[in-house]
Amino acid sequence: MNQKLGKASMKPEQPVYILNSASVVGTKEGQGPLGLLFDKVGEEDMFGCETWEDAESTLQKEAVGLAMDKAGLQPNDISFLFAGDLLGQSIATSFGLSTYQIPLLGVYGACSTCGESMILGTMSIAGGFADKVICVTSSHFASAEKEFRFPLEYGNQRPLSATWTVTGSGAFVLSGETGQAKQGKGKPRARITGMTVGKIVDYGLKDSMNMGACMAPAAASTLEEHFTDFASQPGDYDKIITGDLGKVGQRVLIDLLRDKGYDISEQHMDCGIEIYDGDSQDTHAGGSGCGCSAVTLSAYILKQLEENNWKKVLFMPTGALLSKTSFNEGKSVPGIAHALVIEAI
């Protein structure tokens, strides 16, 4: 059973299904264009907690609980959790998910974590190592600013190339069987039929306030590899969706791929651009963070597939592989991107 395809891709012998999912977001996200689609919008961004980090843990805990409830499952039904966040040692994950007592595999792919976790979950199911898994990730504006830039109290100014870290968590229940969802139509939301694992790409950029430009070369690399491995073209997909390149990164990505002979301008969509109203919400280049692609996938992208508005999309979260230590030591900001082919049932 060879499920490997080309240099960096995989095509499961049988589709792996997204049984159900959940999205929990903060107040700013609830006020954006997708606000009515999220499962839960917090009344305030502390989520009843005393610290921003605990608030992010609460995001993950609630997203996992909602996803299981919507799929009609209990913790004992889940083989593994694949989870991660942006904080040091993934503390939002460890403190948020400990009460479920589900075997945990921690994942760190920066803002590509949603894609990485779903690839690993799909591989586990396709390889016969798991029956059902949950893939979850999160970010929080305030905890991310403290981790990577400045505490909010500092009041630093942000350039127009900067993005706004999404406060949110998305959780996805994956299974090799269609199952029966407790809510909705009683069938899975979508199926995963292909994956391409990205590699680290570093163009030597050092501007942590321009993450889109730092990550775009990695997105271009993964897309080029995906098109080669699957012998596909941009027109084979209704949408090619990046995670959080924002307005600046989107332009860089399209230009880089045109140089490679691919024009994705008609198909491309970026979760960081979709999640906020750029005119009224003052998020500059758009949204970012682990939660950005995760909540957009759960609330908006899967809905379009369920309603057959789209038949087939390429979902590719993007991540910037830096830390405050590497940045302060003058290191560049490498990027990475992982892609999944997601199709309507």
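Each value in this text was obtained by applying a stated rule to the coordinates, not by laboratory testing. The shown structure was predicted, so the numbers you read here are calculated from the model rather than taken from an experiment. Note that each Cβ is placed from the backbone with ideal geometry, even for glycine, and that neighbours are counted across all protein chains shown.
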Exercise. With the dipole of the chain worked out from charges on the C-beta (+1 for Lys and Arg, -1 for Asp and Glu) around the Cα centre, which of L36, S94, F129 lies farthest toward the positive end?
Worked result: F129
Exercise. Which of the peptides 61-73, 87-99, 331-343, 40-52 is most tightly packed, and how do the rest follow, going by the mean number of other Cβ atoms within 10 Å of each residue?
Worked result: 331-343, 61-73, 87-99, 40-52
Exercise. How many angstrom separate the Cα center of segment 284-345 from the Cα center of segment 193-210?
Worked result: 11 Å
Exercise. Counting every Cα pair in the chain, what percent are over 36 Å apart?
Worked result: 12 percent
Exercise. Quick one: length gained pulling E13 to I91 fully straight, 0.36 nm per residue minus the C-alpha distance?
Worked result: 24.5 nm
Exercise. By its C-alpha gyration tensor, with a ≥ b ≥ c as the square roots of the eigenvalues, how is segment 245-315 shaped: rounded for a/c under 1.5, else prolate for a/b larger than b/c, else oblate?
Worked result: oblate
For this session: For N309 and S265, compute 0.36 nm times the residue count separating them, minus their Cα-Cα distance, and round to one decimal in nm.
Result: 13.9 nm
For this session: Output the pairs from K132/K312; K260/K311; K7/K40; K7/K324; K40/K132 with a Cα-Cα distance over 28 Å in this structure; if there are none, say none.
Result: K7/K40; K7/K324
Exercise. Between E50 and K331, what is the FRET efficiency for a Förster distance of 35 Å, r being their Cβ-Cβ separation, to the nearest 0.05?
Worked result: 0.55
For this session: Sum -39500 (n - 2.57) across every DSSP H segment of at least 4 residues in the chain, then divide by the residue count to get the 222 nm mean residue ellipticity, nearest 500.
Result: -9000 deg cm²/dmol
Exercise. How big is the charge dipole of segment 54-112 about its Cα centre, in debye rounded to the nearest 20, if each Lys and Arg gets +1 on its Cβ and each Asp and Glu gets -1 on its Cβ?
Worked result: 100 debye
Exercise. Got a sec? Charge dipole of segment 190-343, +1 on Cβ for Lys and Arg, -1 for Asp and Glu; which of V313, G330, S232 is way out at the positive end?
Worked result: G330
Problem set entry | Size of electric dipole in the chain: Cβ of Lys, Arg +1 and of Asp, Glu -1, about Cα centre, debye, nearest 20 | 780 debye
Seminar exercise, completed: With the label point 7 Å along the Cα-to-beta-carbon line of R251 and a cut-off under 17 Å to each amide N, the hits in segment 212-241 are 212-217
Exercise. If packing is taken as the mean number of other Cβ atoms within 10 Å per residue, what is the order of 22-32, 249-259, highest first?
Worked result: 22-32, 249-259
For this session: Using only Cα atoms, locate the centre of segment 1-67 and the centre of segment 232-252, then give the distance between them in Å, rounded to an integer.
Result: 20 Å
Exercise. Rounded to the nearest 5, what % of the DSSP beta bridges within the chain are antiparallel ones?
Worked result: 65 percent
Seminar exercise, completed: For segment 21-83, shape from the Cα gyration tensor axes a ≥ b ≥ c, cut at a/c of 1.5 then a/b versus b/c, turns out oblate
Problem set entry | Interatomic Cα distance distribution for segment 17-175, bins of 10 angstrom, percent | 11, 41, 34, 11, 2, 0
Exercise. What is the set of long-range amide H partners of S139 at a cut-off below 5 Å, with H atoms built 1.01 Å from backbone N?
Worked result: G168, G291
For this session: Within 10 Å, count the other beta carbons around each residue, average over each peptide in 238-248, 260-270, and list them highest first.
Result: 238-248, 260-270
